[in-house]
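A quick write-up on the structure given underneath.
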Amino acid sequence: MEEVTLDTSQMQWDELRGFPGTAEVKDLREESQCGAKTMLVRLPAGGHVVPHTHPGAVQHYILEGEYESEGRTFRAGAYRLLPEHADVPPISSEHGATLLIIYDPVTG
């Protein structure tokens, strides 16, 4: 693995394709051989994510805004770890949210 340094303020937001909802993304790291990935994701106001699963663990850290899931509100500063093969419940954001999402390497 090589060191990577990015100035995310200079990066453009791209449409997030293959995502179970509508969002924009800034890809920070992708290791396709093991499924590891790090990205900034911006959910728009009124945005939502439909239920889905991931083969590996996924980490969410909310940088700005908030989102709702399972009757709870997760605000800026909240951290969630969703274990591998977990059923990700619906997520919605009334006013929008920006998240740092880290996909851990897929094991086994």
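Details
- Set side by side, the residues 71, 46, 65, 96 differ, and just one is within 21 Å of residue 15 (Cβ to Cβ) and over 14 Å from the mean Cα position of the chain (by Cα), which is 46.
- Counting residues in region 96-103 that are modelled with pLDDT under 95, surrounded by fewer than 16 Cβ atoms within 10 Å (Cβ to Cβ) and in a strand (DSSP E or B) gives zero.
- When region 49-88 is filtered for residues that are in contact (Cβ under 8 Å) with a residue 24 or more places away in the chain, over 18 Å from residue 19 (Cα atoms) and out of contact with any strand residue (DSSP E or B) (no Cβ under 8 Å at 6 or more places or on another chain), only 83 remains.
- Within region 15-54, considering residues that are acidic (Asp, Glu) and surrounded by 11 or more Cβ atoms within 10 Å (Cβ to Cβ), the one nearest to residue 88 (Cα to Cα): 24
- Per this entry, residue 57 is counted among residues that are of a type in the set (Gly, Ala, Ser), buried (at least 16 other Cβ atoms within 10 Å of the Cβ), modelled with pLDDT under 95 and under 13 Å from the mean Cα position of the chain (by Cα).
- Only one of the numbered conditions (1) part of a strand (DSSP E or B); (2) under 21 Å from residue 6 (Cβ atoms) is violated by residue 92, and that is (2).
- All positions within region 49-108 that are farther than 18 Å from residue 27 by Cα and either among the aromatic types (Phe, Trp, Tyr) or touching a helix residue (DSSP H, G or I) at 6+ places or on another chain (Cβ under 8 Å) (or both): 67, 74, 79
The values are calculated or read from the model by the stated rules, or taken from the named source; none is laboratory data. None of the values given here were measured: they were computed from a predicted structure. Heads up, the Cβs are rebuilt from the backbone with ideal geometry, glycines too, and the neighbour counts pull from every protein chain shown.
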